[in-house]
Amino acid sequence: MPVKNRFAELHGDITEWRRDIHAHPEILYETHRTSALVAEKLEAFGCDEVVTGIGRTGVVGVIKGKSTGSGKVIGLRADMDALPIHEATGVDYASKTPGAMHACGHDGHTAMLLGAARYLAETRNFDGTVVVIFQPAEEGGAGGKAMCDDGLMERFGIQEVYGMHNWPGRPVGSFAIRPGAFFAATDQFDIEVTGKGGHAAKPQETVDPTVMAAHMVTMLQTIASRNADPVDQVVVSVTSFQTSSNAFNVIPQSVHLRGTVRTMSPEMRDLAETRLRAISEHVAAGFGGQAEVTYHRGYPVMVNHEEQTEFAAAVAAKVSGDCAEAPLVMGGEDFAFMLEERPGAYILVGNGDTAMVHNPDYNFNDEAIPAGCSWWAGIVEERMPT
């Protein structure tokens, strides 16, 4: 099952859809135009059912095979939202919305799944049901969780679910995957460090929160170097250091630290939060100040299921000739919520030598479309053969 000829024929159409979506990026749950376009095309393809409003602006299409005696139902998911970044690519189909762009390739994911849906609705060469899932708000809005909370899996009887992401740096149309923990849990923290402000010429009369916070930034790195097992993955990054005064001659009353914690297991996630709280509070107390920690748990670890990962890799190898072992990724992915609900797998497809995602110069590589569409179709036809 190499790249399907039908997708070579459809390549121009799918590219046109992708570039139209690219030119009109929408952030988080505001994917109204994109969702309407998706629903319109699914209707035109002849899907047996098209449902909007799942997870606020999510869209679901149902395609039944030539037979459904197997009773199998497989979900295929693509994300639709863009990022709050000003595009710098200079392409003729660049974003028409200032301050928003498809800097992560969700336009490509959506277009590829639309292409696969068109092919599957035409051929129906499978025994079972496929549910195509178009999700909003992957970029920090937990749209995957919103769709699951709306009963996505139960309402459509989904038994397994599969997702895909383009990957700059990998050869175009090649694939990579790994079983088990794949993408990291993504947590955020705010630390309000309070002391006693005063004149910078009289530090002895103050309780300096700048000194406290500076020690905190250094000490938080000991979570990785001294608390975690060296073979476990954990990243603690303080990304913002804001004082309550910007004057040259004022020791501020307070300092606000913000940052992120990335982990690859529930146990490490718990340990990191516990130690972050303890270090912050005790460092501040040691200087005579206080630290108030607010810790927000974001996306969980995304864990690929063993059997489905092996199957997904086999389909990818048939499409491109090989499927490599993917590295661990310390970025987050809210497909994790769907994989907590149902067994499944998430794969990377090569985007070639392009700018990295979340970069104003990034652009999805349209040459990856036939391989991505063929993998989607292969998942359905191989998992639910007639």
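A residue that is closer than 15 Å to residue 181 by Cβ and of a type in the set (Val, Ile, Thr) can be found somewhere in the stretch 328-344.
So which residues in the stretch 323-341 are in contact with a Ser or Thr (Cβ under 9 Å, 6 or more places away or on another chain) and either modelled with pLDDT under 95 or of a type in the set (Gly, Ala, Ser) (or both)? Of everything in the stretch 323-341, those that are in contact with a Ser or Thr (Cβ under 9 Å, 6 or more places away or on another chain) and either modelled with pLDDT under 95 or of a type in the set (Gly, Ala, Ser) (or both) turn out to be 324, 331, 332. When we screen 111, 117 for residues that are under 22 Å from residue 4 (Cβ atoms), over 20 Å from the mean Cα position of the chain (by Cα) and in contact (Cβ under 8 Å) with a residue 40 or more places away in the chain, the only hit is 117. Note on the stretch 258-272: residues that are under 23 Å from residue 194 (Cβ atoms) and either surrounded by 23 or more Cβ atoms within 10 Å (Cβ to Cβ) or touching a Leu at 6+ places or on another chain (Cβ under 7 Å) (or both) total 1. Of all residues assigned to the stretch 90-104, at least one qualifies as being touching a Pro at 6+ places or on another chain (Cβ under 7 Å), open to solvent by 40 Å² or more (accessible area, probe 1.4 Å) and modelled with pLDDT of 95 or more.
Would you tally the residues in the stretch 100-141 being closer than 18 Å to residue 168 by Cβ and among the aliphatic types (A, V, I, L, M)? So the answer is 4. Take the conditions assigned to a strand (DSSP E or B) and either touching a residue at least 12 places away in the same chain (Cβ under 8 Å) or open to solvent by 10 Å² or more (accessible area, probe 1.4 Å) (or both) and apply them to residue 59. Does it pass? It is true that residue 59 is assigned to a strand (DSSP E or B) and either touching a residue at least 12 places away in the same chain (Cβ under 8 Å) or open to solvent by 10 Å² or more (accessible area, probe 1.4 Å) (or both).
Each residue in the stretch 306-332 was checked for being out of contact with any strand residue (DSSP E or B) (no Cβ under 8 Å at 6 or more places or on another chain) and either open to solvent by less than 50 Å² (accessible area, probe 1.4 Å) or in a helix (DSSP H, G or I) (or both), and 5 pass. Considering (1) of a type in the set (Phe, Trp, Tyr); (2) crowded, with 17+ Cβ neighbours inside 10 Å; (3) not in a loop (DSSP other than H, G, I, E, B), the lone condition that residue 295 does not fulfil carries the number (2). No other residue among 171, 136, 179 is open to solvent by 20 Å² or more (accessible area, probe 1.4 Å), under 27 Å from residue 13 (Cα atoms) and in contact (Cβ under 8 Å) with a residue 40 or more places away in the chain apart from 171. Looking at the structure I just gave you, is residue 39 surrounded by 15 or more Cβ atoms within 10 Å (Cβ to Cβ), in a loop (DSSP other than H, G, I, E, B) and touching a strand residue (DSSP E or B) at 6+ places or on another chain (Cβ under 8 Å)? Answer is no for this residue.
In the stretch 369-386, the residues that are in contact (Cβ under 8 Å) with a residue 40 or more places away in the chain and open to solvent by less than 10 Å² (accessible area, probe 1.4 Å) reach residues that are in a helix (DSSP H, G or I) and of a type in the set (Lys, Arg) with C-beta atoms within less than 7 angstrom, at least six apart or across chains, in these pairs: 378/318. Filtering the stretch 356-381 to residues that are among the charged types (D, E, K, R) and part of a helix (DSSP H, G or I) leaves 366, 367, 381. Check the stretch 97-111 and report whether any residue there is touching a helix residue (DSSP H, G or I) at 6+ places or on another chain (Cβ under 7 Å), of a type in the set (A, V, I, L, M) and not in a helix (DSSP H, G or I). There is no residue in the stretch 97-111 that is touching a helix residue (DSSP H, G or I) at 6+ places or on another chain (Cβ under 7 Å), of a type in the set (A, V, I, L, M) and not in a helix (DSSP H, G or I).
Take the conditions closer than 27 Å to residue 267 by Cα and either at pLDDT below 95 or in a loop (DSSP other than H, G, I, E, B) (or both) and apply them to residue 192. Does it pass?
Judged against the criteria, residue 192 is not a match.
For residue 275, the requirement of being in a helix (DSSP H, G or I), in contact (Cβ under 8 Å) with a residue 40 or more places away in the chain, open to solvent by 70 Å² or more (accessible area, probe 1.4 Å) and more than 30 Å from residue 73 (Cα to Cα) is met. Could you say whether any residue in the stretch 46-54 is assigned to a helix (DSSP H, G or I) and touching an Asp or Glu at 6+ places or on another chain (Cβ under 9 Å)? No, the stretch 46-54 has no match at all.
When the stretch 191-213 is limited to residues that are open to solvent by 50 Å² or more (accessible area, probe 1.4 Å) and either within 30 Å of the chain's Cα centre (by Cα) or without any contact (Cβ under 8 Å) to a residue 24 or more places away in the chain (or both), the one that is farthest from residue 275 (Cα to Cα) turns out to be 202.
The values are calculated or read from the model by the stated rules, or taken from the named source; none is laboratory data. A quick note: this is a predicted structure, and the numbers were derived from the prediction, not measured. Counting neighbours? That spans all protein chains shown, and the Cβs are built from the backbone with ideal geometry, glycine included. For the accessible areas, the whole protein counts, side chains as well, though only heavy atoms, and no ligand, DNA or RNA atoms are used. Shrake-Rupley method; radii C 1.70, N 1.55, O 1.52, S 1.80 Å.
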